[in-house]
Amino acid sequence: MLSLLKKSHPQERTEENLEIAKDLFMAGKFPVVTTRDIPAKSIKRVIGLAAYRGYDMEQAFYGMITRAISNGANAVIGYRENVAFHPDGSKYISCYGTAVRQVDEKK
């Protein structure tokens, strides 16, 4: 996750960050859920809204994760998405949720 803070060309950095976010999500290391909590986890800190808008679903979803990570989150709860269609045929996809810092529940 620290590699998200590296300095480089903005376009290069964005693409690299999206790949890092995708890898973390696909490996199960960054959960994104539609519910208010994650089983066997407890929320240590609520960071706030993580949102991203893009022209395709993948860009919007992993962009949201990138924003959450850059603010110190290790999960997103209450995930939602929205699609806005425009008369010219273009569309924007928005993905958003609450970025949180979570820890394992004590047993």
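Every read-out reported here was derived from the displayed coordinates using simple, explicitly stated rules and does not represent laboratory data. Just so it is clear, the model here is predicted, and its values are computed rather than measured. Here the Cβ positions follow ideal geometry from the backbone for every residue, glycine too, while neighbour counts run over all protein chains shown.
Couple of notes before you dig in:
- Helix axis angle, 57-70 relative to the chain longest principal axis, alpha carbon, degrees: 50 degrees
- The range 2-104: projected area of the alpha-carbon convex hull, averaged over directions, in nm²: 7.0 nm²
- For the pair Ile43 and Met26, the difference between a 0.36 nm per residue extended length and the Cα-Cα distance amounts to 4.0 nm.
- Nearest 10 degrees, 0 to 90: helix 10-26 Cα axis against the chain principal axis: 50 degrees
- For Ala75, neighbours were defined as the other residues whose beta-carbon sits under 14 Å from its Cβ, and their charges (Lys and Arg +1, Asp and Glu -1) total +4.
- Each part gets one Cα centre, and for the range 79-101 versus the range 14-38 those centres are 17 Å apart.
- Packing rank of 45-58, 24-37, where each peptide gets the mean count of other beta carbons within 10 Å, highest leading: 45-58, 24-37
- Between Asn82 and Lys106, the FRET efficiency estimated from the beta carbon spacing at R0 = 30 angstrom works out to 0.25.
- Relative contact order, percent, the range 24-107 [alpha-carbon distance under 8 Å, six or more residues apart]: 40 percent
- Computed E for Glu16/Arg36 - FRET, C-beta separation, R0 22 angstrom, nearest 0.05: 0.10
- Bridges between two residues of the range 2-104, per DSSP, are antiparallel at a rate of about 95%.
- Local electrostatic count at Ile47 - Lys and Arg +1, Asp and Glu -1, tallied over other residues with Cβ under 12 Å: +4
- Burial ranking of peptide ranges 80-86, 16-22 (average Cβ count within 10 Å, highest at the top): 16-22, 80-86
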